[in-house]
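The values are calculated or read from the model by the stated rules, or taken from the named source; none is laboratory data. None of the values given here were measured: they were computed from a predicted structure. Methodologically, a virtual Cβ is constructed for each residue, glycine included, from the backbone with ideal geometry; neighbour enumeration extends over all protein chains shown. Calculation scope for accessible area: heavy atoms of the full protein, side chains included, ligands and nucleic acids excluded. Shrake-Rupley method; radii C 1.70, N 1.55, O 1.52, S 1.80 Å.
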Amino acid sequence: MLFPFTLRRIQGRSMLKALNEGDFVLGRRVGLKSLIDVGDVIEISHPRLGNIVKRVIDFDETHIWVKGDALNSIASSEIGPISRATVVAKALWRISPRGIRRI
């Protein structure tokens, strides 16, 4: 792993109130064995939707289910179960005009 962190700009409003459009998210890259818990915010390289940032709502040994925090977010059923191999990073910090805070 060349650089263990990611920095992504949030586009859209699916993660309101945790993340606003235009915020930046600093995340730590993860591997297949990395610890991911329900409630974590993760970045996924989704095969159909591209890179998306969502909250973990359930998981097992091979798949993770996610959803956005906002009511208008794409449905978890439409995102589908996510292979652990598609998880890019676990979000750690939100960087916004109001400052930096832990996610």
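At a glance:
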quantity: Set of aspartates and glutamates with alpha-carbon distance to Lys67 below 14 Å, sequence-local pairs under 8 removed; calculated: Asp37, Asp40, Glu43, Asp58, Glu78
quantity: Rounded accessible area of Lys67 (nearest 10 Å², 1.4 Å probe); calculated: 90 Å²
quantity: Mean residue ellipticity (222 nm) of the chain, computed from DSSP H runs ≥ 4 via -39,500 (n - 2.57), nearest 500; calculated: -500 deg cm²/dmol
quantity: Residue-normalised accessible area of the stretch 25-87, expressed per residue, 1.4 Å probe, Å²; calculated: 55 Å²
quantity: FRET efficiency, Phe3 to Ala75 (Cβ-Cβ, R0 30 Å, nearest 0.05); calculated: 0.35
quantity: Modelled FRET efficiency - R0 30 Å, Ile95 with Lys33, Cβ distances, 0.05 increments; calculated: 0.60
quantity: Label point distance in nm, Arg48-Ala85, each placed 7 Å from Cα along Cα→Cβ; calculated: 1.9 nm
quantity: Karplus (6.51, -1.76, 1.60) ³J(HN,Hα), θ = phi - 60°, over the stretch 26-38, in Hz, Gly and Pro reported as x; calculated: 9, x, 9, 4, 10, x, 4, 9, 5, 6, 10, 10, 4
quantity: Zone residues, the stretch 63-81, relative to Ile57, backbone N less than 14 Å from point 7 Å out along Cα-to-Cβ; calculated: 64-81
quantity: Square roots of 5 times each gyration tensor eigenvalue, C-alpha, the chain, largest first, Å; calculated: 20, 17, 11
quantity: Ranked by how many other beta carbons lie within 10 Å on average, peptides 86-94, 36-44 from highest; calculated: 86-94, 36-44
